[in-house]
Amino acid sequence: MGKTTQILLTSSYILVGIIIIIAVLIIFKNKKKKAFAQELSDLERDKNLIISAQILAELNKVESLINNDLLKEKFNNWKERFNKIKDVDLPKITDKLINLEELFQTKNYQELKAGITDCELEITYLKTKTNFLLDEIKEITLSEEKNREAIIKLKTEYREIQNKYKTNKNDYVDVAKPLELQFENVDKLFQTFEMAMDQNAYTEVGKIVKAISNSVGNLKEVIEEAPVIIMLGKTAIPKKIEDIKLIADKLTKEGYNIEYLNIEHNVKETDKKIQDIFQRLNVLNIEDSVFELKTMLDYYDSLYFDFDKERTSRKLFEGYIRSILLKVTKLEKINNDIYRRLDDIKYSYDLEDSEVQVIENIKDELIDIRSSYDRVISMHRNHTFAYSRLNKEMEIINSKLTKTEEKLEIALKTLSSLKDDELRAKDQLDEIKDILVQAKKKSKTYKLPVIPKNYFVELNEASMAINEMVKELEKRPISIKTLNLRVDTARDLVLKVYNTINETIKTAKMAEQAIVYGNRYRPVNKEVDFGLAKAESLFLKGNFKNSLEQAIISINIIEPGIHEKLMNEYN
């Protein structure tokens, strides 16, 4: 391919690329232009929809209904607002749309975009303003239909209330008079509604309907709740109070202190509240009455639980009187006995004051518990508090006493363990001596050519440790900590001696057996003969471990695997 051809191809590619870019830009620009054109069209449509024929129709309806100054004033206000929207606000938006069209034609898309956003907000605001005006006008034009519908529902509900009252008239004896008056008032309100509708007094009709709705709603609540209020206030609560009084008097005679319940004061307050509830009922005000009466009833029901609690507390309290006294007396006796012997115990076992301080602490705790117990008993004899309070005090004392008892048990175990450690040390001394004797006997059961030096060193150390242990046992005062240390040291050293002689004899036996076993190969192999001779020399010098290893290595020359066989037997 020639140079000229390459230049032509390159130029063609560049030209095609430029054409594609221009085409894309044109497409994008046209698309953007169409989008703005559509937005302007939508704004024009939304503007034209702001003023609808419905507003004019509704205003004409209101004009035909005017029969008083108030409605006439409202009509004039609505008409003035409508004219302002039509003659002032809409032309402003029209002017803005004309300006936007000019920006579109001159392709000033940046300002056009901001202008469209602003115009959308203006149209939305004006549309809301128009809808709000229409809703206000409809309140009058639709009031007859709406209010008629509401009145029909209220009349149905009112008749149901009247029927319930007449059917169960005996349940409303205490509130019959104010109810009859209220029924008359509601009847008059219905008549007033009809008169207002006949006179087209639509501005007053809404108020009348609201008054009827409130009255019927109140009547419904009274009809539903009055029997409950009367039953609770006249029957249930008074009976409950009488029963509570009888039980309270009986408990007082039996020695119970229940003044903290304030029954007499609460009964007086209950009477006042019930009187207030019935006074409000006479004017058909029953707000929170049922709730208040049920709260009172719940209170008197809760007193039964309080009475049962006092009876139970008395039984528990009387049980604590006996059990705590017995337990505290027993602990005082044990602790005092230890306290009297405390100096001897400290001397015998070389104890510091801090190590026996717990006995002092327990003594102080028992004194405090005894004082608290006597105080509660005095309160009981003087009838100062209720049994529930006394029982709670005893529970606290009993809890403290239990903790003190646990402390004393731990202290007793600790002190008794000192004597146990001393006796155990004496028993262990015999055991340790016996092990040492067995170790010495063991050294004589097999005639070793040489006894290792470390055996005699360990034997001497063990003997010295036993002597130190004996000296510690004979000391007065005796230190249990030191004694336990001496016991551990002596036991470890004696066991070390025993293990040393045992291991030595075991190794020597194996070495001797290996040499005897290997003697059969000495005539046939000089290397085996030399190795076994070296093993015998090591054996006679007392180097039994190395002797065993040398014998095994020598035999392994003729009999491979003998090493594992002999080592398994050794282990």
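The values are calculated or read from the model by the stated rules, or taken from the named source; none is laboratory data. Just so you know, these numbers come straight off a predicted model, no measurement behind them. Here the Cβ is made from the backbone with ideal geometry for all residues, glycine too, and neighbour counts use every protein chain on show.
Assorted remarks:
- Subset of segment 360-407 (residues that are within 16 Å of Ser313 (Cβ to Cβ) and more than 33 Å from the chain's Cα centre (by Cα)): Val376, Ile377, Met379, His380, His383, Thr384, Phe385, Ala386, Tyr387, Leu390
- Note on segment 442-469: residues that are of a type outside the set (Asp, Glu), more than 21 Å from Leu540 (Cβ to Cβ) and either modelled with pLDDT under 70 or buried (at least 17 other Cβ atoms within 10 Å of the Cβ) (or both) total 5.
- Residue within segment 548-559 that is within 22 Å of Pro452 (Cβ to Cβ) and out of contact with any helix residue (DSSP H, G or I) (no Cβ under 7 Å at 6 or more places or on another chain) present: yes
Rundown of residues vs (1) at pLDDT 70 or above; (2) within 60 Å of the chain's Cα centre (by Cα), yes/no style:
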{"residue": "Leu70", "(1), (2)": "no, no"}
{"residue": "Asn76", "(1), (2)": "yes, no"}
{"residue": "Asp87", "(1), (2)": "yes, no"}
{"residue": "Ile93", "(1), (2)": "yes, no"}
{"residue": "Asn108", "(1), (2)": "yes, no"}
{"residue": "Lys127", "(1), (2)": "yes, yes"}
{"residue": "Lys138", "(1), (2)": "no, yes"}
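- Test for Ala439: is it assigned to a helix (DSSP H, G or I), touching a Phe, Trp or Tyr at 6+ places or on another chain (Cβ under 6 Å), buried (at least 17 other Cβ atoms within 10 Å of the Cβ) and modelled with pLDDT under 75: yes
- Condition broken by Thr295, with the remaining ones in (1) without any contact (Cβ under 8 Å) to a residue 24 or more places away in the chain; (2) loosely packed, with under 14 Cβ neighbours inside 10 Å; (3) farther than 30 Å from Arg311 by Cα; (4) β-branched (Val, Ile, Thr) satisfied: (3)
- Candidate set from segment 145-180 (those that are hydroxyl-bearing (Ser, Thr, Tyr) and surrounded by fewer than 16 Cβ atoms within 10 Å (Cβ to Cβ)); member that is farthest from Lys234 (Cα to Cα): Thr156
- Out of Glu395, Glu355, Glu365, Glu360, sole residue that is more than 27 Å from Phe305 (Cβ to Cβ), modelled with pLDDT of 85 or more and either in contact with a Leu (Cβ under 6 Å, 6 or more places away or on another chain) or not basic (Lys, Arg) (or both): Glu365
- Flag set for Pro227, criterion: in contact with a helix residue (DSSP H, G or I) (Cβ under 6 Å, 6 or more places away or on another chain) and surrounded by 13 or more Cβ atoms within 10 Å (Cβ to Cβ).
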